[in-house]
Amino acid sequence: MSQILIIYTGGTIGMMSDPVTKVLKPINFEQIMDNVPELEKLNCRIKVHSFDEIIDSSNMNPEIWSELAGLIQSNYHDNDGFVILHGSDTMAYTASALSFMLENLGKPIIFTGSQLPISAIRTDAKENLMTAIEIAKAKKNDRARVPEVCIYFDYKLFRGNRAFKYNSSKFEAFRSPNYPILAESGVHLRFSVNDIRHPEDESALIIHNNLVSDVGVLKLYPGISPKVVENILSADVRGIVMETFGAGNTTTDAWFIDLLKNAIDSGKVILDISQCKVGTVELGRYETSKHLKDIGVANGYDMTFEAAVTKMMYLLGQSDNPAQVREWLETDLRGELTVS
Ligand code: ASP
């Protein structure tokens, strides 16, 4: 019989409305279990680890990501898969971060949560939870069907580092426009076998805990001034994610290019991702991105913002050499980008 470890961090799934103030507040895992008697009927053993402090995911941070990675490592051999209950607001950041922190992952790590608390009559939590467990225990020829860090929400399974929260009020909270879904749940649970990654060496899970969370973000808009750009680029950080226009384009104004060049020359790594949610950065396609390539801006291709920021945190912890970090940023490490 399979064994699944459920890790409960918090989120709406485990909240209850305060009868007086009507504010949503976290409840403990036993209260969650009481709402899903169907869990008993799943053909697997379920263990639960509840975090001491149950949080709204807006309070998620890299220390908790390390704790999660450590928990997965210490329970890796005894469990066939993991389901992590997490608020949807920052779920894509945690899933992206863990995808980088867990190298050679051979077992499913399925994040889920819900838009309505599990105790609500119209809740989406039960389906999300039950199917997340089904996916976490799914095997074929004794191998996990999806040995990836994923998000399961509203009948769809996404690669974690390809998804983002795009809707705060619909049950369909996540999208992954630049990569196909990995499975869909309907009458049958259908896996997109050709889109699922399997590690080259399943025997050796490697945990990387040393994230550098000081990452700058430069989001461009027409009219952004030298003062604003200079302030962001001169911050005491080694890496900056720059959100550009369209296929990775920026203004060609000399002051702007000079500021970027000075930052790069001083050892900072600047990663170009697009403000568009669909499509990819193509450095050099337009005149408005050719100069970026020339001065050494890294190409983020079709990465989500969530993947870009957490990948930068991960890589800054892996190397002090900006050229090396830049090379890895442009490389597909965990299925997070498509080199075009
Ligand atoms: N604010 C909640 C959280 O992210 C929303 C949710 O769970 O969906 O913790």
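Quick note: the coordinates plus some simple rules give every number you see, no bench work behind them. None of these values were measured; they are calculated from a predicted model. So basically every Cβ, Gly included, is an ideal-geometry build from the backbone, and we count neighbours across all protein chains shown.
In µm²/s, what is D for region 190-275 at 25 °C and 0.890 mPa s, where D = kT/(6 pi eta Rh) by Stokes-Einstein and Rh is the Kirkwood radius from Cα pairs?
157
Once every Cα of region 146-247 carries one equal point scatterer and solvent is ignored, give the base-10 log of I(q)/I(0) from the Debye formula at q = 0.10 Å⁻¹, two decimals.
-0.49
Students often get this wrong, so check it: of LYS268/LYS311; LYS47/LYS137; LYS107/LYS139; LYS47/LYS311; LYS139/LYS311; LYS126/LYS156, which have C-alpha atoms separated by over 19 Å?
LYS47/LYS311; LYS139/LYS311, as the Cα separations exceed 19 Å there.
Beyond 16 Å, how much of the Cα-Cα pair distribution for region 258-340 remains, as a whole percent?
Percent of Cα pairs beyond 16 Å in region 258-340: 50.
Using the per-residue mean of other Cβ atoms lying within 10 Å as a proxy for protection, in what order, highest first, do the peptides 32-38, 179-185 fall?
179-185, 32-38
Out of residues 5 or more away from VAL269 or on other chains, whose amide H comes under 5 Å of its own, with H placed 1.01 Å from N in the peptide plane?
GLY239, ILE240
Show me, for region 284-301, the HN-Hα J-couplings you get by feeding each phi into the Karplus relation (A = 6.51, B = -1.76, C = 1.60, θ = phi - 60°), rounded to Hz, glycine and proline as x.
Values, residue by residue: x, 5, 10, 4, 6, 10, 4, 5, 5, 4, 4, 8, x, 6, 7, 8, x, 6 Hz.
In square nanometres and to one decimal, what's the mean projected area of the convex hull around the Cα atoms of region 113-174?
Projected over every direction and averaged, the Cα hull of region 113-174 covers 4.3 nm².
Using 0.36 nm per residue of separation minus the Cα-Cα distance, give me the extension gain between ASP265 and GLU103 in nm, one decimal.
That works out to 55.2 nm of additional length.
Taking amide H positions as placed in the peptide plane 1.01 Å from N, state which residues far from ILE55 in sequence (5 or more) or on other chains have amide H under 5 Å from it.
The list, which skips near neighbours in sequence, is GLY10, GLY11.
Arrange ILE109, ILE54 by Cβ neighbour counts within 10 Å, fewest through most, would you?
Going from sparsest to densest Cβ surroundings: ILE54, ILE109.
Using Cβ counts within 10 Å as a stand-in for footprinting exposure, how do LYS47, LYS311, LYS107 rank, fewest first?
LYS47, LYS107, LYS311
Over its Cα atoms, what ratio of radius of gyration to 2.2 N^0.38 Å does region 69-187 give?
Cα-based Rg divided by the globular estimate yields 1.00.
Please find the FRET efficiency linking ASP236 to GLN31, where r is the Cβ-Cβ separation and R0 is fixed at 45 Å, and quote it to the nearest 0.05.
0.55
What is the Cα convex hull volume of region 5-108 when expressed per residue in Å³?
Here the figure is 107 Å³ per residue.
Antiparallel as a % of all DSSP beta bridges within region 27-162, to the nearest 5?
45
So if I place +1 on the C-beta of Lys and Arg and -1 on the C-beta of Asp and Glu, and nothing else carries charge, what would the dipole magnitude of region 1-134 be about its Cα centre? I want it in debye, nearest 20.
240
What do you get for Rg/Rh over the chain if you use C-alpha atoms and the Kirkwood form of Rh?
Rg/Rh for the chain comes to 1.00.
Can you give the helix-only mean residue ellipticity at 222 nm for the chain, where every DSSP H stretch with n ≥ 4 adds -39500 (n - 2.57) and the sum goes over all residues, rounded to the nearest 500 deg cm²/dmol?
Result for the chain, helices only: -8500 deg cm²/dmol.
May I ask what percent, to the nearest 5, of DSSP beta bridges between residues of the chain are antiparallel?
Of those bridges, close to 35 percent are antiparallel.
Please list 3J(HN,Hα) in residue order for region 254-259, calculated via the Karplus relation 6.51 cos²θ - 1.76 cosθ + 1.60 where θ = phi - 60°; whole Hz, with x for glycine and proline.
Those phi angles translate into 4, 4, 5, 4, 4, 4 Hz.
Okay, which of region 1-19 sit inside 12 Å, backbone N to the point 7 Å along the Cα-Cβ direction of ARG143?
none
Explain nothing, just compute: Karplus ³J(HN,Hα) = 6.51 cos²θ - 1.76 cosθ + 1.60, θ = phi - 60°, for every residue of region 216-231 in order, whole Hz, x for Gly and Pro.
x, 10, 10, 9, 7, 8, x, x, 4, 9, x, 4, 5, 4, 4, 4
Amide H of THR338: which non-local residues (sequence gap of 5 or more, or other chain) have their own amide H closer than 5 Å, using H built in the peptide plane?
The answer is ASP302.
Of VAL193, ALA204, PRO222, which is farthest towards the positive pole of region 190-229's charge dipole, taken about the Cα centre with +1 and -1 on the beta-carbons of Lys, Arg and Asp, Glu respectively?
It is PRO222, whose Cα lies furthest towards the positive end.
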